[in-house]
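Working notes for the structure below.
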Amino acid sequence: MPLKIILKNEEKIIVNGAVIQNIGGSLKALILNEAAVLREKDIITEEDAKTPASRAYFALQNLYLFPDRESTYGPLVHRFFTDFGEAAPSAVERVQKILDYVTEDGLYQALRLARKLVVYEGSIFDHAQSELSGPISDGADGGQPETDGSLGPDRGSETDQGSSEGTG
């Protein structure tokens, strides 16, 4: 099935590993045979792959674009997504669906779901950040230490091993 692509000025796409950039006006193209195509907005660079989900997406993106390197990217895809699912149990179903698509040679569909996983990961980070930036909840004692506030043993304590009394 042909794929119609419209590129804005300066927009890039990758077709079978080749980066194509529109350098003037609007570009309309029709891809008549099966090809691995990614738009610029769907591409994650190695430098941008800083989170677990984005690293998994990057490995999957490379598996999609460079199928001849399956022996390199295939194991990374499985490891990164499996690790993400273990670290974020709320995403296990999403991760499993992505891996199912990978197994069934539905790499483009896997990429679409993986893009949503990157967004989901961002919401997890946003939630964690908002939780961490809030006030620390006080315990039953009001959050106050039971000592005189110093760090270490009470200076007047008989159990203070650091005392210099009696030496000498």
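Give me the distance in nm between label points sitting 7 Å out from Cα along the Cα-to-Cβ direction at residue 66 and residue 120, one decimal.
Simple spin-label model gives 2.8 nm for this pair.
In percent, how large is the relative contact order of the range 1-127, given Cα pairs closer than 8 Å and 6 or more residues apart?
The normalised contact order for the range 1-127 reaches 19 percent.
With r as the distance between the Cβ atoms of residue 105 and residue 9 and R0 = 35 Å, compute the FRET efficiency 1/(1 + (r/R0)^6) and round to 0.05. All intermediate terms of the calculation are to be shown ahead of the outcome.
Details: r = 35 Å, r/R0 = 0.99.
That pair, residue 9 with residue 105, gives E of 0.50.
Taking 22 Å as R0, compute the FRET efficiency from the Cβ-Cβ separation of residue 127 and residue 48 and round it to 0.05.
0.55
Between residue 34 and residue 86, what FRET efficiency follows from the Cβ-Cβ distance if R0 is 30 Å, with the result rounded to 0.05?
Details: r = 34 Å, r/R0 = 1.14.
Efficiency, from the Cβ-Cβ distance: 0.30.
Under the rule a/c < 1.5 gives rounded, and otherwise a/b versus b/c splits prolate from oblate, where does the range 1-43 land using the Cα gyration tensor?
Numbers: a/c = 2.09, a/b = 1.30, b/c = 1.61.
The shape class here is oblate.
Skipping prolines and chain starts, which residues have an amide H placed within reach, meaning under 5 Å, of the one on residue 36, given they are 5 or more residues away or on another chain?
It is 16, by chain and number.
Quick one, what does Rg over Rh come out to for the range 45-132 if you take C-alpha atoms and the Kirkwood Rh? Could you put the intermediate results ahead of the total?
Values: Rg = 12.7 Å, Rh = 12.9 Å.
Rg/Rh for the range 45-132 comes to 0.98.
Taken together, the values in this text are just the output of simple stated rules run on the coordinates, not laboratory data. Here the structure is a predicted model, which is why all the values come from computation and not from measurement. FYI the Cβ positions are ideal-geometry reconstructions off the backbone, even for glycines, and counts take in every protein chain you see.
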